1. Zone of residue B:70 (label point 7 Å along Cα→Cβ, backbone N under 18 Å): which residues in the stretch B:445-472?
2. Among B:412, B:355, B:389, whose Cα lies farthest out toward the positive end of the dipole of the stretch B:311-419, if unit charges sit on the beta carbon of Lys, Arg (+1) and Asp, Glu (-1)?
3. Run the dipole for the stretch B:116-212 about the Cα centre, Lys and Arg Cβ at +1, Asp and Glu Cβ at -1, nothing else charged, and hand back the magnitude in debye, nearest 20.
4. Of A:427, A:214, A:310, which is farthest on the positive side of the dipole of chain A, counting Cα position, with +1 on Lys and Arg Cβ, -1 on Asp and Glu Cβ, and the Cα centre as origin?
5. Using Cα positions and a limit of under 15 Å, work out the aspartates and glutamates in reach of residue A:33, with same-chain residues fewer than 8 apart set aside.
6. Using only helices, what value at 222 nm comes out for the protein assembly as shown when you add -39,500 (n - 2.57) per DSSP H run of length 4 or more and divide by the total residues, to the nearest 500 deg cm²/dmol?
7. Roughly how crowded by other chains is peptide A:15-21, in terms of the mean Cβ count from those chains within 10 Å of each of its Cβ atoms?
8. Compute the long axis of helix A:201-214 from its Cα atoms, compare it with the longest principal axis of the Cα atoms of chain A, and write down the angle in degrees, 0 to 90, nearest 10.
There are 2 protein chains.
Amino acid sequence: MDKQKLYDLQTRMSAYEHAMGLISYDAVTTAPKGTASNRERTLAVLSEESYKLSTGSETVELLEELSSHKDELTDEENRMVYLLSKDLQMLSKIPMEEYVAYQQLLVQADAVWHEAKEKSDFASFLPYLEKIFETNKRFALYCAPDKDPYDFWLNEYEEGLDKKTCDEFFAELKSRLIPIVKKAAALPEPDDGCLIAPVTDAEQEAFSRFLMKTIGLDLDHCGFGTTEHPFTTSLGSHLDERITTHYNGENFTYSMFSVIHEGGHALYDTGSKEEYAFTVLDGGVSMGIHESQSRFYENILGRSRAFSKYIFPYIKQFYPGRFDDLNEEDYFKAINRVKPSLIRTEADEVTYCLHVMVRYELEKRIMAGELEVRDLPAEWNRLYKEYLGVDVPNDRCGVLQDSHWSGGAVGYFPSYALGSAYGAQFMKKMRLDVDVDACLAKGDFKPINDWNREKIWQHGSFYTPKQLLDKVLGENFDPAIYVEYLEKKCKEVYGI
Amino acid sequence: MDKQKLYDLQTRMSAYEHAMGLISYDAVTTAPKGTASNRERTLAVLSEESYKLSTGSETVELLEELSSHKDELTDEENRMVYLLSKDLQMLSKIPMEEYVAYQQLLVQADAVWHEAKEKSDFASFLPYLEKIFETNKRFALYCAPDKDPYDFWLNEYEEGLDKKTCDEFFAELKSRLIPIVKKAAALPEPDDGCLIAPVTDAEQEAFSRFLMKTIGLDLDHCGFGTTEHPFTTSLGSHLDERITTHYNGENFTYSMFSVIHEGGHALYDTGSKEEYAFTVLDGGVSMGIHESQSRFYENILGRSRAFSKYIFPYIKQFYPGRFDDLNEEDYFKAINRVKPSLIRTEADEVTYCLHVMVRYELEKRIMAGELEVRDLPAEWNRLYKEYLGVDVPNDRCGVLQDSHWSGGAVGYFPSYALGSAYGAQFMKKMRLDVDVDACLAKGDFKPINDWNREKIWQHGSFYTPKQLLDKVLGENFDPAIYVEYLEKKCKEVYGI
């Protein structure tokens, strides 16, 4: 048995992921507009090669041999073999031509979605979105013929998750959040006009880099760019991480909190054990745990009173002359204002999960065949009215706002809400060991990051999400802790 | 015989080139500083895969079969088979491990060179450069054991070129250029202080994009970035071209002429016949012809009196308030000032070839074993004194200035001088068909580009450089035409 082959296989896989990841990253950051067809051709070849590598007879034999010698492998190696075999089983059930065609479809869909969003033209995107949902259903049935297709994808993004768990989780959130939102809506809302001022891209870039350093990112291993929709990606391994943001020329807090959010993802990825690089254990284990980190940095830390105290003078420094009359208390209230709105990524902490719930409901019904993709905009708008009480003026601010579906991710959205809830419970545990507020007030993220690194980041994908939660929490996951956290925040902001 | 396989093979090869090209492009434009080792690992895998594809038994058999059915192939297909077979023969003579190791060495060397240049520290770069020269010698001997190694590489960059031809070419240039340079140096030199003024990166970027559009580049297929050393690259095919430039905050003409230079490369590449995309016929045929286009746009067009007339008002417009007192005549004289200097890329047209000659002499002697790599800085400085009369204050402005050697390109430099000379002869022909000055004075590049497209660009790599020259010129290549062009320019600037 040649263990080295296990590592060689993963290095080769990482290389293809690196190449395809960079081509996709380039597409949304740097590439000229007319190059999609060129890229599509290259990605078709690379995804075919990568598919062959992952499913080829050499790989099948290697994994079988390793599986029959479990006792000679380390725990880490057994987990690698498990994860690789799981992917292999999935891929080998999807016909290669369909897999490659789907990758090509996603490249086209991304370009079409960008244009459709710009023009608020859902009709032009509809045929692509129909194909994406249809392919997701078909692939799920190839892989797990006896499983509900949406359950299949929920479990892909968050091992162990299914509709039943989501339904319960969202029902609890909904029943407790809606009264809070109503109470807040009845009060005079804090003014966030005080955050509005013209800011240049160059200023926001300088502030973004400052924030990256502040939260403890190593800029030698984490790059920074701008895109329509902010995201984080690892290229090849956690040694080359990239985050992006989007600038709003009128409100610096959009890019500020998106940088801290993506920074949380990047901290998690780059916190993997060095020796996990170029293996399937590298980087975060699931979307839920990933969002627990990104939303932890963005909200639980980034919008806390203690961090507001620290960052406030720097805001005045990075945007000189524009916030002379602003005081720290008004800033804190403004960034925590509760107000039902249209755009998920700009939503406040309290209403955020309602945005997620809309998407969850819609995906679930489409995957169950209870809703047609062409009826999405109308249903989207209806649910926004029902859950958030807002009227959606156009699809640009509605159903076309997110890049997830155009990117092929169906079943991803619930992890945002789940992750937010994990994060609140992590914080409760962290406070037993770390004086978080004292650290934040000094802008000292080291003790916070050290705790996260030790408990969460270093493990990469070694533990399942459930194992990791058990290990970190030492108790059951309890969404009530998240609701309590939100209630406390409302008290701080509104006194209710 | 399955012709389709010929096209499939080339599509696959283009995909690997796209991926590796983008990883290299990203490395110098966007990637965080500490990611070289990550990239190296991926490039090692991809170059190994690409090597296997190019030299695998399937490819060998395909090319053999096609070669034995020449009459069933089009002329284009026969040229593809010839070029692919030539590469195959070369690659199959280089042991794969050595080929892959060399690719890895180049990734490291690039990072080390950047740092060495910054610190003017030749010693840290020396071991890499020694290995690069040594590998170039070894690879040349693998491929052509009976050929002089430097002749081998000259021929690689410019089919048909050898030391003998270069020696004659440079001897003629030297004998005729040095008197001109001396005459010019004896006269009061035109003042280029009038071009010096603080300019921002943002202004230079806006002007660069304006220039790209002016010379006729399609910005939907040609991207733009900034790097330490400007260059041009095609990613996958001519449908995704990228050029870069470097900003000098004191002198806008550096980026101005580098954009026009790289723009010339990009026009040539993107002018290939559409159906050549994803084949080996795509893009320029040789470095000499490539430089004939880049230096044609940069100098013969870009520094002409007619184009100066057109562009002058735009300079005032893009850099408001800084050139109010400048007049067109002084601008024209300043951008054509003849003055021996240290940096090749900033050299004037007349002294430029002397910079190239220094590099040619040094490469030639190292490859012949007559000079040690460690003695390069001293010899570099000695030759700069001898040919150009200037003292080199440090290696940053000396032997470390160019990226070619760190990128593995030995035998490339002569093509710059050769290309300049080709360009002058092309212009003589073009003037028979096109009123070039009238076009330039209006900023109308269409007739010029149409001529180049028809005569040169569209053919991609279909003709050899020699065939192409014969076709375009209808007469022998004659470097005297280039010298006459330079003499005429000196008359315009100095009246001598």
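Read-outs throughout are calculated quantities, based only on the coordinates presented, and are distinct from any laboratory measurement. Note that the structure is predicted; figures quoted are calculated from it, not measured. Note that each Cβ is placed from the backbone with ideal geometry, even for glycine, and that neighbours are counted across all protein chains shown.
1. B:462-464, B:467
2. Checked the options; the winner is B:412.
3. Numbers: 13 positive and 20 negative charges, 58 e Å.
That gives a dipole near 280 debye.
4. Sorting the options by dipole projection puts first A:310.
5. Correct list for residue A:33: A:110, A:115, A:118, A:228, B:218, B:220, B:240, B:241.
6. Numbers: 40 runs with 617 residues, N = 992.
Roughly -20500 deg cm²/dmol at 222 nm, from the helical runs in the protein assembly as shown.
7. Details: counts 11, 5, 1, 9, 12, 1, 1.
Rounded to a whole number, the mean comes out at 6.
8. That works out to roughly 70 degrees.
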